[in-house]
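Reviewing the structure listed below.
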Amino acid sequence: MSIRPKRRTVRRCCACVVVLSMSLPALAASDAQRLPRPRPAVETPAPAAPNETSARVPKSRPSDGAQAEMTAWARGVESHFRAAAAELEAIVPAVEQDIRADAPGEIAAAAGLARIPRPRPEPSALLAMAKPGAPVELAGAGLSPRIAEPEDTACLARLAALGVAFTKQAPIEDGLCWVEHPLNVTSLGSGVAIVPEAILNCRTAEALAMWTRDVLIPSARDLLGATPKEIVHGSAYVCRTRANDPDAKLSEHAHANAVDISSIAFAERQRLDIADRDMTSGEGRFQVAIRGGSCAHFTTVLGPRSDASHATHFHFDMAERRGGYRLCDLADTNFVGVEEP
């Protein structure tokens, strides 16, 4: 027990004694008033006159001697408690001095015990993903069971109408990474293939096919005078965290909900790599156009100058956020050359 709690206990005891001493006389008086009344002696009543009532017996009251005795008893109790409190107050300093001399380290430890932060939990094996594609072992129990979602037949019908070439795959369940209804996509329709074939969910494949038809092909025709024939991607489904950081959240790639476009091949000209380039050139204006047009189809758009990890490709995904919020980062698309303005 530390020093301050002991002194606080002594003060509380003294306060209780004072309150008790002040209240005892009143309690004694009230108890005296509640003493049982003596029963009157049984006597044969005399016959009363026709219009005369019997005399009433007055209530008995405690004698002055009994009340004085109770008051003296209360004062004796008060004196006893005051003496005990004074004795305890005299003992505490000596005890405190002995504790300081014998165990100063224990006092310091007890005083700081409440301020010691709780130890951080050990890193969970659930997030121990070191590289893309590495399986994640579920070492712990108690995870909420995942409810299987039905196949989106309407989305599949829209993909067929867009001319997307795909085959259904078995569900992917790789530790924390899972895809309920993956599709192996080889063509996005409109005569544009995706190389290599990409594992995407239906929603992301549909957005990519619509972006190809409505943004990529018209921009290439108007700004480059060329026809796209292939979209080259760096990754679609990959079981990993964001930026391969073991402490980060799962990437949208882990649910086949994202695609990274690294270059675009054309029928009439050489391939164009996504890069930090001169935006006043024809290729630069084309890159600005297809990046800006993607914001209408994807909920996340990142690319060169977003950060170092996206310097050589476009990252498109269909992440769901509160209120339908979209992260469309167009960076500084008016710069000239690769140097910062």
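Coordinate-derived values only; no laboratory data. Only a predicted model underlies this, so the values are computations on that prediction, with no experimental measurement involved. Neighbour counts are summed over all protein chains in view; Cβ atoms, including those assigned to glycine, are modelled from backbone coordinates with ideal geometry.
Radius of gyration over Kirkwood radius for the stretch 225-341, both on Cα atoms: the Rg/Rh ratio is 0.98. Peptide packing: for 157-164, 200-207, 314-321, the average count of neighbouring Cβ atoms within 10 Å per residue gives the ranking 200-207, 314-321, 157-164, highest mean first. Each other residue within a Cβ distance under 9 Å of residue 155 adds +1 if Lys or Arg and -1 if Asp or Glu, for a net charge of -1. Overall dimensions of the stretch 279-324, expressed as equivalent-ellipsoid semi-axes from the Cα gyration tensor (√(5λ), whole Å, largest first), are 22, 13, 7. Shown for 211, 178: other C-beta atoms within 10 Å of each C-beta, ranked fewest to most, produce the order 178, 211. Between residue 321 and residue 243, the distance separating the two model label sites (each 7 Å from Cα on the Cα→Cβ line) works out to 1.6 nm. Distance between the pseudo-spin-label points of residue 307 and residue 195 (7 Å out from Cα toward the beta carbon): 3.1 nm. Which ordering of 208, 223 is given by a fewest-first count of other beta-carbon atoms within 10 Å? Neighbour counts put them in this order, fewest first: 223, 208. From the largest down, the stretch 149-190 spans 36, 20, 12 angstrom on the principal axes of its Cα atoms.
Fewest-first ordering of 325, 237 by other beta carbons within 10 Å of each residue's beta carbon gives 325, 237.
Charged neighbours of residue 292, selected by a Cβ distance under 12 Å, balance to +1 (K, R count +1; D, E count -1). Of all the C-alpha pairs in the stretch 153-328, what % are more than 19 Å from each other? The share of Cα pairs beyond 19 Å in the stretch 153-328 comes to 55 percent. Across the stretch 172-264, Cα-Cα pairs farther apart than 15 Å form 60% of the total.
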